[in-house]
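Right, one structure below, let's go through it.
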Amino acid sequence: MAEPLHIIEAQQFDRPFMETLFQRSTELKQVVEEEGGCDLLRNRVLVVLFYQPSTRTRLSFETAMSRMGGAVVSTENALEFSSHSKGESIEDTIQTVACYGDVVVLRHHQEGGVRRAARVSPVPVINAGDGPGQHPTQALLDMYTIRNEFGAFDGLTVALVGDLKYGRTVHSLAYLLAKYPVKKLYLVAPEQVEMPPRLIAHLQKRVELESCTDLEAVAGDVDVVYTTRLQQEYFEDPLAYQRSLGRYTLHQGVLAAMKEQAIILHPLPRNDEIPYQVDLDPRARYFQQVRNGLYLRMALLERVLMPTLKA
Ligand code: NCD
């Protein structure tokens, strides 16, 4: 049997893989809009195993599977309601659920937890977030949204804003953006939560990079403002969290400085980074991003299940 295609980290994708996936996402969008879905994944079962809370990632994967005619079994609080609470290892849990399903979407509380699971899994494992590590499928849908807006990534200037240390979505997105000839990346973060040095070293070799702390000063230069929530759950020092709060709210000054054609993205959930009145700004795209996540995850489930579908 062919090796399962695990989705672990953003570095694993090449541009042709992404382009094919984006194209297929658009085809499936049309299928959903015209017919509500299809039955291409009929008789396939998705196991959803989440050790951390989620709204969008879990429900969009589940909806994606349902809209393709497949079935879903789900544990949304695996820390408490799985045998983890009885001391079972992630390796044993994965080998168990792989006896039931054809693919596993896993959100784990530890960086590297999904990789450990994939190592022993006979079915594809998809990383839906591993602690402060990565969130590759969020980054794919972020890229899909950007590409739909601008047609290409070439020459774009992107500001990644907020918690760049613990924010797993920005880690994955930065890796993906650096695969294209973007013009420049601004890393806008409070000192307490700057991008990890290892990731900066990777990016520096590939794109023009500028780290800064003043969003308003660079807002006029960017095509995409990608804001993120401070990941309070990972902060060791509550005072550091308090000091960083409110630093990058998209207030009037920032919005006024931004280009008319720029877009505002956020993986959600938001706290105070984007005031609710910004939803009316024509540059806001974060709910479009949510919708795109459905199509992208449909395409991704189809892609990882393809070998078994052919069999
Ligand atoms: C993010 C996550 O869980 O990493 N949400 C998401 O999946 N869209 C972002 C966050 O929690 O801030």
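The values are calculated or read from the model by the stated rules, or taken from the named source; none is laboratory data. Computed from a predicted model, the values in this text were never measured in an experiment. Please note: Cβ atoms are built from the backbone with ideal geometry, for glycine as well, and neighbour counts cover all protein chains shown. These accessible areas exclude ligands, DNA and RNA; they are computed on the full protein's heavy atoms, side chains included. Shrake-Rupley method; radii C 1.70, N 1.55, O 1.52, S 1.80 Å.
Would you mind calculating the relative contact order of the chain from Cα pairs under 8 angstrom and at least 6 residues apart, reporting the percent as a whole number?
Once normalised by length, the contact order is 19 percent.
With springs connecting C-alpha atoms under 10 Å apart, model the chain as a Gaussian network and identify which of Q289, Q277, Q252 has the largest mean-square fluctuation.
Result for the chain, Cα springs under 10 Å: Q277 fluctuates most.
Which of P269, T63, Q231 sits farthest toward the positive end of the charge dipole of the chain, with +1 on the Cβ of Lys and Arg and -1 on the Cβ of Asp and Glu?
It is T63, whose Cα lies furthest towards the positive end.
Expressed as a whole percentage, what fraction of the accessible surface of region 221-263 belongs to carbon and sulfur atoms when a 1.4 Å probe is rolled over the protein heavy atoms?
Here carbon and sulfur together make up 48 percent of the probe-accessible area.
What FRET efficiency, computed as 1/(1 + (r/R0)^6) with R0 = 35 Å and r the Cβ-Cβ distance, is obtained for S89 and A217, rounded to the nearest 0.05?
The formula returns an efficiency of 0.15 here.
In whole Hz, what ³J(HN,Hα) sequence does region 121-129 give by Karplus (6.51, -1.76, 1.60; θ = phi - 60°), x for Gly and Pro?
Each residue of region 121-129 in turn: 8, x, 10, x, 10, 10, 6, 9, x Hz.
For E233, project a label point 7 Å along Cα to C-beta. Then give me every residue of region 98-124 with its amide nitrogen under 13 Å of that point.
Answer for this model: 107-111.
Check each of the trypsin sites (Lys or Arg not before Pro) in region 184-286 and keep only those in coil by DSSP with at most 12 other C-beta atoms within 10 angstrom; list them in order.
In loop regions of region 184-286 (DSSP not H, G, I, E or B), the sparsely surrounded trypsin sites (Lys or Arg not before Pro) are K205.
GluC sites (Glu not before Pro) within region 227-311: which are DSSP loop residues with at most 11 other Cβ atoms inside 10 Å?
The qualifying sites are E236, E260.
For the chain, which DSSP H helices look membrane-span-like by this rule: Cα extent along the axis of 15 Å or more and mean Kyte-Doolittle of at least -1.0?
Helices meeting the criterion: 15-35, 56-67, 136-150, 286-310.
Can you compute the modelled spin-label distance between S66 and A201, with each label point 7 Å from Cα toward Cβ, in nm?
Label at S66, label at A201, 4.6 nm between them.
For the chain, what is the calculated [θ] at 222 nm in deg cm²/dmol (nearest 500), taking -39500 (n - 2.57) for each run of four or more DSSP H residues and dividing by its residue count?
-12500 deg cm²/dmol
Can you give me the accessible area per residue for the chain, using a 1.4 Å probe, in Å²?
Value for the chain: 44 Å² per residue.
Considering Cα pairs under 8 angstrom that are at least six residues apart, work out the relative contact order of region 143-217 and quote it in whole percent.
Relative CO of region 143-217 lands at 34 percent.
Place a label point 7 angstrom from the Cα of D281 along the Cα-to-Cβ direction, then list the residues of region 186-200 whose backbone nitrogen is under 17 Å away.
Answer for region 186-200: 186, 188-189.
Report Rg (one decimal) and Dmax (nearest whole number) for region 1-153, counting Cα atoms only, units Å.
15.7, 50
Taking the Cα centre of each part, how many Å lie between region 12-47 and region 227-302?
Centre-to-centre distance over Cα atoms comes out at 25 Å.
State whether the chain is rounded, prolate or oblate according to the following rule on the C-alpha gyration tensor (a ≥ b ≥ c being the square roots of its eigenvalues): a/c under 1.5 gives rounded; otherwise a/b larger than b/c gives prolate, and the remaining case gives oblate.
prolate
How big is the antiparallel share of DSSP beta bridges in the chain, given as a percent to the nearest 5?
Working: 0 of 32 bridges.
Roughly 0 percent of the DSSP beta bridges within the chain come out antiparallel.
Among Y166, T145, Y241, flag the residue with its Cα farthest along the positive direction of the charge dipole of region 136-289, charges on Cβ as +1 for Lys/Arg and -1 for Asp/Glu.
The Cα lying farthest towards the positive end belongs to T145.
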